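Beneath this line is the structure, given in structure tokens, with notes to follow.
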Amino acid sequence: MDWTAFRLSIELGVVTLLGLVPPAIVAGRALAYGRFRGKGFVEALVALPLLLPPTVVGFYLLVLFGRHGPLGQAFEAISGQGLAFSFEGLVLACIVVNIPFAVQPVQRAFESIPREVREAAAVSGMSPLRAFMAVELPLAWPGIVSALVLTFAHTLGEFGVVLMVGGSIPGETRTIAIAIYDRVQAFDDRSAGLMAATLLVLSVAALGATNTLATRIGRRHDG
Amino acid sequence: MTASGSGGEGLAVTLRQQRPMPLDLAFDCAPGEVVALFGPSGSGKTTTLRAIAGLHRPEHGRIRCGSELWLDVEQGVEVPPHRRAVGMVFQDYALFPHMTVLGNVLAAMGHRPRREREMRARELLALVHLEEHAGRRPGGLSGGQRQRVAVARALAHDPAALLLDEPFAAVDRAMRVGLYGELESLRRSVRAPIVLVTHDFDEVARLADRIVLLERGRLVVQGPVTEITNRMDLTHFGMQYDPGSLLDARIEAHDVERQLTRLVFDGGVLWAPLLDAPADLRLRIRIAAREVSLARRAPEEISLHNVLSATVSTITPAADPALVLVGLQTGGARLLAQVTRDAVSRLAIAPGTPLFALIKSVAVLRPGSGLHT
């Protein structure tokens, strides 16, 4: 069992959540309620990482992150180190691949709140911010939870993009998914099996937790 | 935001737009008055209500409530909905499903000091008879209970204008009459202008003081319900109701010995079976056209209590080709009588003919649950 890889994966998952979910809530809400030109285009762009092969996404990110890429140069100017094959680059890559997993459930959740309920908040004297905190957020909560769980689980399991952008540097970019691949390559089936089982248990637990939470909230709403 | 429902001169609304649907209307609503926006679906009733609440922005318009200007497109004034002191009851109530009944009411009290809120919220729940349901969530309530939560929440905002969008549409018929009674007692305690959107003529007859009749976004006519609904040239009500006249009356006295109540209205005096209601109470009554017979001479020694002298004003065909509707002027009021075509020729009835109207029964629509005579 590669505990360093395991810890790195958890860290990567948490940091990706922190970086992705707040903007995903803002973006999901905007897509749910906003009426603007090019909305369909934005929605397609959000879904794009679902369709592209991970190697393709990884390749373009590598170009962006590289020594001659715009993001890589900007990052190097600020921090003095390269973005490709670094933990920071991995976080950025994971945020990009997880956009659809975070934005889409949030968007659906906000869409499911009846327009009249939001209007009722306004005519009850709630400011837009208060209506968001007291009415929209609690009602969209199941969608936000599933965005959190999906993003976290998907980050733990992401392989292709992580390998392309991060390589397999122990303690920096070698996540548990990569470690499993390494172990299999080295014919160390026991370690690979142990880590695979750990990922499996984590995923099942996460799904179970979301389901329980979703039904509990649903029951609460039915009074 | 002020909590003064009684202050000011009520609500004044002018709206005009081409898109998304044509709208061209203007009306006022005084404090304590119920104005019904009436018309078929698609006539712009709900859009008008939403514009008053600030949920719809018309192309042109001006909305004033008391001393506050809520909208003046030409001057660039537009107060957002959460800064307008409106109480709104939505058609399907739009309660907050994740909050308790009490929470729903408290949610509309942001304008009050925190320590006052809970006591006031419980008062309001008592007013709509929901105290014992304070801790429940809307999902577990019946339609009628939800409607009353919505009303309590609307009142919790201390509205300077109360807006009701088809508030009875989602409640079954049997429950409505009781809810009408509650709205009736409500309007006595809330001195705010009340705008009621409905396409149910029965609700107009029972609840409204004035009617604003809309058709495809245009104002057809507006005025007192008792006047407008008795007009024969308006076909908008004909299909929904059997012909008759709505009248406002007042209880003058009770004659307990004879088991009768004496009512006065613009056309004179009417006797009704003893009503269990205080003297001076204002009533909305209805006299169906088929309950009125006509006589050339004053009848003597008859069982009917109500014989009024009247003058024929109009004669119009009824839905049944054998019948006609005779419009009668009696004092300041208008009555309708439904008689046979044959009777009209036998009695030689023409506009201007003096007659006696024999009234068989009077129905009390307001207050309460329609006691019939």
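Quick note: the coordinates plus some simple rules give every number you see, no bench work behind them. No experiment lies behind these values; they were computed from the predicted model shown. Please note: Cβ atoms are built from the backbone with ideal geometry, for glycine as well, and neighbour counts cover all protein chains shown.
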Please tell me the relative contact order of chain B in percent, rounded to the nearest whole number, where contacts are Cα pairs under 8 Å and at least six residues apart. 17
Between A:Leu45 and A:Tyr181, what is 0.36 nm times their sequence separation minus the Cα-Cα distance? Round to one decimal in nm. 45.9 nm
Below 8 Å between Cα atoms, with a sequence gap of 6+, how large is the relative contact order for segment A:100-172 in percent? 45
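Count neighbours as other Cβ atoms within 10 Å of each site's Cβ, and list the trypsin sites (Lys or Arg not before Pro) in segment A:1-40 that are DSSP loop with at most 12 such neighbours.
Here the trypsin sites (Lys or Arg not before Pro) that fit, given the DSSP loop and packing criteria, are A:Arg35, A:Arg37.
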In deg cm²/dmol and to the nearest 500, what is the mean residue ellipticity at 222 nm of chain B if only DSSP H runs of at least 4 residues count, each as -39500 (n - 2.57), divided by the residue total? -6000 deg cm²/dmol
Note down the relative contact order for chain A as a percent, whole number, built from C-alpha pairs under 8 angstrom at least six residues apart. 30
Computed ³J(HN,Hα) along segment B:159-165: with the Karplus parameters 6.51/-1.76/1.60, θ = phi - 60°, integer Hz and x for glycine or proline, the list is x, 8, 8, 9, 10, 10, 9
Taking GluC sites (Glu not before Pro) that fall in a DSSP loop and have at most 16 other Cβ atoms within 10 Å as cut points, what is the longest piece of chain B between them? B:75-256
With labels modelled as points extended 7 Å from the Cα through the Cβ direction, what inter-label distance (nm, one decimal) is found for B:Ala322 paired with A:Val14? 9.0
With +1 assigned to the C-beta of every Lys and Arg and -1 to the C-beta of every Asp and Glu, and no other charges, what is the dipole magnitude of segment B:38-182 about the Cα centre in debye, to the nearest 20? 300
Which value, in Å to one decimal place, does the Kirkwood hydrodynamic radius take for segment A:3-222 when every pair of different Cα atoms is included? 19.0
For A:Asp188 paired with B:Arg57, estimate the spin-label separation in nm (one decimal), with each label point 7 Å from Cα along the Cα-to-Cβ line. 6.3
Degrees, to the nearest 10: B:143-156 long Cα axis against longest axis of chain B: 70
The answer for the per residue Cα convex hull volume of segment A:86-215, in Å³, is 110
Counting other Cβ atoms within 10 Å, keep those with at most 13, restrict to DSSP loop, and tell me which trypsin sites (Lys or Arg not before Pro) in segment B:242-292 are left. B:Arg258
